[in-house]
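Chemist: First, the structure itself, so that you have it in front of you.
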Amino acid sequence: AVAPFGKDLDHPRWLYVLPNGDVLVAETNAPPKPAEKGLRAWFMKRAMKKAGAGVPSANRITLLRDADGDGISETRSVFLQNLFSPFGMALVGDQLYVANADAVVRFPYREGDRSISAAPVKVADLPGGPINHHWTKSLVASHDGKRLYVGVGSNSNVAENGTENETDRAAVLEIDIASGRRRVVASGLRNPVRLAWERQTGALFGVVNE
């Protein structure tokens, strides 16, 4: 049987399960950007509205907790708020990393916490606005916890916004956590919205929206 684990969320886009079983939900939407005009933009706006994407971003991460293990969360709390179109999440030790639409930030984490009030610490900037066509930023940490890998979508469909707006986009970026330095490790990926490690070979896999 299928039953809702949590409902009445504001445009939930991504999930991350913490080691204790708590489920983090990124309630998020596209960041503000210049208004597009024309017939294509009109149809896109209608389609996005129907999908629930035509509203301002909630800019928060919500925690759902299923304490009795029955498959339904009894506890719901705002875990992080005042973010900027958050998407990817990764826990490394006692630090929770969040990929906003324009930067990776981190927060201190203690197991069992229902919310975090600490201010974010920026780890590295990411390609962002003002266009930010594919705005979601996926995130995964290396096994040794020293590097982060971020999926960054293209700023267009067919480079119609100019190649100057595609720097470090349509790519997977590697970020050194200690220094914040970043480099491209894979390119030509239109919109890599999911990254994961293959369990046997340890290879980094990406799921690309095409």
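Any read-out appearing in this document is the output of simple, stated calculations on the displayed coordinates, not a laboratory observation. Please read these numbers as outputs of a predicted model, since none were measured by experiment. Every residue, glycine as well, gets a Cβ built from its backbone with ideal geometry; the counts of neighbours run over all protein chains shown.
Chemist: Per-residue counts of other Cβ atoms within 10 Å, averaged by peptide: what ranking do you get for 25-31, 102-108, 8-14, highest first? Provide the component values of the computation, followed by the final result.
Modeler: Values: 25-31: 22.0, 102-108: 18.4, 8-14: 15.4.
With the highest mean Cβ count within 10 Å placed first, the list reads 25-31, 102-108, 8-14.
Chemist: Give the lysines whose C-alpha is closer than 24 Å to that of LYS122, dropping any in the same chain fewer than 8 places away, or say none.
Modeler: LYS33, LYS137, LYS146
Chemist: Taking 45 Å as R0, compute the FRET efficiency from the Cβ-Cβ separation of VAL158 and SER117 and round it to 0.05. Present the calculation step by step, with values, prior to reporting the outcome.
Modeler: Working: r = 44 Å, r/R0 = 0.98.
With a Förster radius of 45 Å, E is 0.55.
Chemist: May I pose another question? Order these peptides, 111-121, 76-86, by their mean beta-carbon neighbour count within 10 angstrom, highest first. Intermediate results must be reported in sequence, preceding the final value.
Modeler: Values: 111-121: 12.0, 76-86: 18.4.
Per-residue Cβ counts within 10 Å, averaged per peptide and sorted highest first, yield 76-86, 111-121.
Chemist: Okay, moving on. Report the extension gain between ASN209 and THR167 in nm, rounded to one decimal, defined as 0.36 nm multiplied by the number of residues separating them, less their alpha carbon distance. Don't jump to the answer; show the numbers that get you there.
Modeler: Numbers: separation 42, 0.36 × 42 = 15.12 nm, distance 1.89 nm.
Extra length available between ASN209 and THR167 comes to 13.2 nm.
Chemist: Counting Lys and Arg as +1 and Asp and Glu as -1, each charge on the Cβ, what is the dipole of the chain about the Cα centre in debye, to the nearest 20?
Modeler: On the way: 26 positive and 23 negative charges, 123 e Å.
That gives a dipole near 600 debye.
Chemist: Any aspartates and glutamates with Cα under 16 Å of the LYS37 Cα? List them, leaving off those in the same chain fewer than 8 positions away.
Modeler: GLU160
Chemist: In whole angstrom, note down how far apart the Cα centers of the stretch 152-210 and the stretch 106-141 are.
Modeler: After rounding, the separation between the Cα centres reads 16 Å.
Chemist: On to the next question. Taking one equal scatterer on every alpha-carbon of the chain, how large is log10 of I(q)/I(0) by Debye at q = 0.11 1/Å?
Modeler: With one equal scatterer per Cα and no solvent, log10 I(q)/I(0) is -0.54.
Chemist: Helix-derived [θ] at 222 nm for the chain: sum -39500 (n - 2.57) over DSSP H runs of at least 4, divide by residue count, nearest 500?
Modeler: Numbers: 1 runs with 12 residues, N = 210.
Rounded to the nearest 500, the figure is -2000 deg cm²/dmol.
Chemist: Assuming R0 = 22 Å, what is the FRET efficiency of LYS7 and LYS49, from their Cβ-Cβ distance, to the nearest 0.05?
Modeler: Numbers: r = 21 Å, r/R0 = 0.93.
After rounding, the FRET efficiency stands at 0.60.
Chemist: I've got another one for you. If R0 is 35 Å, what FRET efficiency do you get for ARG181 and GLU74 from their C-beta distance, rounded to 0.05?
Modeler: Values: r = 43 Å, r/R0 = 1.22.
Efficiency, from the Cβ-Cβ distance: 0.25.
Chemist: Among 63-69, 192-198, what's the highest-first ranking by average C-beta atoms within 10 angstrom per residue?
Modeler: On the way: 63-69: 14.7, 192-198: 16.9.
The most tightly packed comes first, giving 192-198, 63-69.
Chemist: Continuing with the same structure: Report ³J(HN,Hα) in whole Hz for each residue of the stretch 149-166, in order, from the Karplus equation J = 6.51 cos²θ - 1.76 cosθ + 1.60 where θ = phi - 60°; Gly and Pro get x.
Modeler: 10, 10, x, 10, x, 5, 9, 6, 9, 9, 6, 5, 9, x, 5, 5, 9, 10
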